[in-house]
Amino acid sequence: GVFYERYHSLEDIYYWINKTKQDHSDMVKVILIGSSSEKRPLYVLKLSGRRDEVKRAMWIDCGIHAREWISPAFCMWFVKYALAFYNQNTEITEILNNMDVYILTVMNPDGYKYTWTTDRMWRKNRSNNKDSDCLGADLNRNFDANWCTKGASDNPCDPTYCGQFPESELETQAVARFLRSHKDTVKLYLSIHSYSQMLLFPYSCSYDEIPNHNELFEVVKEASAKIRRYYRNNYKYGPGAKTIYLAPGGSDDWAYNLGIKYSFTFELQDRGRYGFLLPPSFIPQACNEALLATKVTALHVIKKL
Ligand code: 0X9
Ligand code: ZN
């Protein structure tokens with residue numbers, strides 16, 4: 001419906017989480033995994049299908065970076081699609097019957113709120129920094145993966161500030177703790193960003209090639225080819241450091257090192273015409289492209305389990 005073709009305020013999103021749980025209590029649970037520096041709750045939606053065997057899980061986070069509004073819009077789009085088409089569409093049915101899906105719709109609620117009220121181009125969270133009047137750390141530089149080496153900044157006033165130490169930020173801690181405690185079941189990690197249209201996998205924190213490079217390369221290559229075929233749009237793909245840039249401390253590299261061997265960052269539309277200010281009329285196609293890539297990666301993991 002038209003609801004999913006708009007961007008939503010943080011208040012709307014909290015309301016939507018609660019409503020989704022109430023309307024689909026058979027398939028949806030809400031888990032509080034922590035809170036932000038400004039004390040906003042971090043809720044994860046857990047979607048599950050048929051619950052007979054012991055199931056694996058996948059994780060999707062959106063809204064690490066505040067200004068990337070298409071990202072939370074995708075998490076909402078995915079949830080709507082999964083609930084509407086479970087037992088209708090064979091692929092989403094297969095996915096939900098084999099994996100629980102954990103969805104963190106807005107990992108950085110304080111930053112997201114700030115982009116709605118004050119500064120549309122804000123990227124970081126809104127935590128206080130020691131010995132500086134500048135606020136915020138880049139949550140995608142704050143994970144423990146070659147933390148704060150080349151590609152991150154140690155200056156609290158910079159948009160890629162790595163934070164005081166690895167996992168110094170409450171939002172990072174909440175996600176890292178949750179994934180550490182679910183690392184035996186979570187087989188696929190997806191982090192949704194914008195913009196630049198890329199399907200990335202580790203490493204971004206170094207130029208080292210991961211052991212299953214070829215396998216992940218083939219997966220994103222297939223996803224990119226499908227997006228081109230179905231939506232006539234081009235997505236680059238490859239390891240982060242070589243494909244976009246060296247950027248340490250990211251969630252995907254950290255999750256990979258934790259043992260989640262299928263770990264990806266998707267950079268959604270566009271390629272710079274509108275950038276972070278992607279008009280709402282682009283939401284359906286941008287989200288359908290990412291949904292297609294999500295299905296390709298999830299079905300690959302299921303095939304491999
Ligand atoms: O720089 C980033 O964090 C991501 N690009 S963005 O424009 N959305 O900020 C890319 C993340 C790739 N993965 C890692 N750097 N680990
Ligand atoms: Zn981002």
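The values are calculated or read from the model by the stated rules, or taken from the named source; none is laboratory data. Computed from a predicted model, the values in this text were never measured in an experiment. Heads up, the Cβs are rebuilt from the backbone with ideal geometry, glycines too, and the neighbour counts pull from every protein chain shown. Heavy atoms of the whole protein, side chains included, go into the accessibility calculation; ligands, DNA and RNA do not. Shrake-Rupley method; radii C 1.70, N 1.55, O 1.52, S 1.80 Å.
Six or more apart or on different chains, Cβ atoms under 6 Å: show the pairs whose first residue is in region 100-126 and assigned to a loop (DSSP other than H, G, I, E, B) and aliphatic (A, V, I, L, M) and whose second is open to solvent by 10 Å² or more (accessible area, probe 1.4 Å) and within 16 Å of ligand 2 (Cβ to nearest atom).
What qualifies is Met121/Arg67.
For region 27-47, indicate whether the set of residues that are in a loop (DSSP other than H, G, I, E, B) and of a type in the set (A, V, I, L, M, F, W, C) is non-empty.
Going residue by residue through region 27-47, those that are in a loop (DSSP other than H, G, I, E, B) are 27, 36-40.
Narrowing the set further to residues that are of a type in the set (A, V, I, L, M, F, W, C) leaves 27.
Looking for residues that are in a loop (DSSP other than H, G, I, E, B) and of a type in the set (A, V, I, L, M, F, W, C), one finds at least one in region 27-47, hence yes.
For region 186-263, list the helices (runs of 4 or more DSSP H) that sit wholly inside it and hold at least 2 residues that are closer than 23 Å to Glu169 by Cα; which are they? Even if it seems obvious, please write down each step before you answer.
Details: elements: 213-231, 240-243, 251-258.
The qualifying helices (runs of 4 or more DSSP H) are 251-258.
Taking region 175-213 as the search range and keeping residues that are more than 18 Å from Ile260 (Cβ to Cβ) and polar (S, T, N, Q), which one is most open to solvent (accessible area, probe 1.4 Å)?
Of region 175-213, the ones more than 18 Å from Ile260 (Cβ to Cβ) are 194-198, 207.
Among the residues that remain, those that are also polar (S, T, N, Q) are: 194, 196-197.
Working: Ser194: 7, Ser196: 25, Gln197: 8 Å².
The selected residue is Ser196.
Considering region 126-169 alone, what residues qualify as being closer than 22 Å to Pro202 by Cα, away from ligand 1 (no atom under 14 Å from the Cβ) and surrounded by fewer than 15 Cβ atoms within 10 Å (Cβ to Cβ)?
Phe165
If you check every pair at least six apart or on different chains, which have Cβ atoms under 9 Å apart with a residue in region 273-289 that is closer than 14 Å to His8 by Cα first and a residue that is of a type in the set (S, T, N, Q) second?
Matching pairs, first to second residue: Leu278/Ser194; Leu278/Gln269.
Here are Glu53, Glu11: which of them is within 22 Å of His300 (Cβ to Cβ), outside any strand (DSSP E or B) and open to solvent by 50 Å² or more (accessible area, probe 1.4 Å)? Before you say what the answer is, go through the steps one by one.
Numbers: Glu11 fails: within 22 Å of His300 (Cβ to Cβ).
When all the criteria are applied, what remains is Glu53.
Give region 239-287 a look and list any residue that's closer than 26 Å to Arg6 by Cβ, within 11 Å of ligand 1 (Cβ to nearest atom), more than 14 Å from the chain's Cα centre (by Cα) and open to solvent by less than 20 Å² (accessible area, probe 1.4 Å), or say none.
Selection gives Gly275 alone.
Collect the residues in region 127-163 that are touching a Lys or Arg at 6+ places or on another chain (Cβ under 6 Å) and either away from ligand 2 (no atom under 14 Å from the Cβ) or in a loop (DSSP other than H, G, I, E, B) (or both), keeping them in residue-number order.
Of the residues in region 127-163, the ones touching a Lys or Arg at 6+ places or on another chain (Cβ under 6 Å) are 135-138, 152, 159-160, 162.
Answer for region 127-163, where residues must be touching a Lys or Arg at 6+ places or on another chain (Cβ under 6 Å) and either away from ligand 2 (no atom under 14 Å from the Cβ) or in a loop (DSSP other than H, G, I, E, B) (or both): Leu135, Gly136, Ala137, Asp138, Pro159, Thr160, Cys162.
Considering only region 66-78, I want to know if a residue exists there that is within 16 Å of ligand 2 (Cβ to nearest atom), of a type in the set (Lys, Arg), modelled with pLDDT of 95 or more and within 14 Å of the chain's Cα centre (by Cα).
So the first thing to find is which residues in region 66-78 are within 16 Å of ligand 2 (Cβ to nearest atom), and the list is 66-75.
In the following step, the residues that additionally are of a type in the set (Lys, Arg) were identified as 67.
Now restrict to residues that are modelled with pLDDT of 95 or more: 67.
From what's left, within 14 Å of the chain's Cα centre (by Cα): 67.
So far as region 66-78 goes, yes, one or more of its residues are within 16 Å of ligand 2 (Cβ to nearest atom), of a type in the set (Lys, Arg), modelled with pLDDT of 95 or more and within 14 Å of the chain's Cα centre (by Cα).
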